[in-house]
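Here is the structure we will look at, set down as structure tokens.
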Amino acid sequence: MISHYMTGKRVSWYTLQKIKLGKTIEYMRKINYGKVVDVSTCGNLCLVVEDNGVQHEIETSEVDSLD
């Protein structure tokens, strides 16, 4: 089995975090860090595990390699 070049690499990605300020809602861009555990056979999706153990399924084009 051939592994994807991103498997095992440290990556970052952004999410929007909702913040409620009184009656208004603001969105703050938050950066997340993790390690790629697996990449789909088509190469479009990757499974990323954060340092605290939370798993995320993210499109490969949305992550930036840190290695």
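Whole-Å semi-axes of the chain's equivalent ellipsoid, largest first, each the root of 5 times a Cα gyration tensor eigenvalue? The partial results should precede the final answer.
On the way: eigenvalues 162, 25, 18 Å².
Working from the Cα gyration tensor, I get semi-axes of 28, 11, 10 Å.
Peptides 37-45, 7-15, 23-31 ranked from most to least packed, by the mean per-residue count of other Cβ atoms within 10 Å: 7-15, 37-45, 23-31.
In this structure the amide hydrogen of LYS9, modeled in the peptide plane, comes within under 5 Å of the amide hydrogens of VAL36, none closer than 5 places in sequence on its chain.
Counting lysine pairs in the chain that sit 8 or more residues apart in sequence, or on different chains, and whose Cα atoms lie under 21 Å apart gives 4. Along segment 16-28 the Karplus relation, 6.51 cos²θ - 1.76 cosθ + 1.60 evaluated at θ = phi - 60°, assigns HN-Hα couplings of 9, 10, 7, 10, 9, 10, x, 8, 9, 10, 10, 10, 10 Hz to successive residues, with x for each Gly and Pro.
Bear in mind these aren't lab numbers, they're just calculated from the coordinates by the rules spelled out. What you are looking at is a predicted structure, and each value in this text was computed from that prediction instead of being measured. No Cβ is skipped: glycine too gets one built from the backbone with ideal geometry, and neighbour counts run over all protein chains shown.
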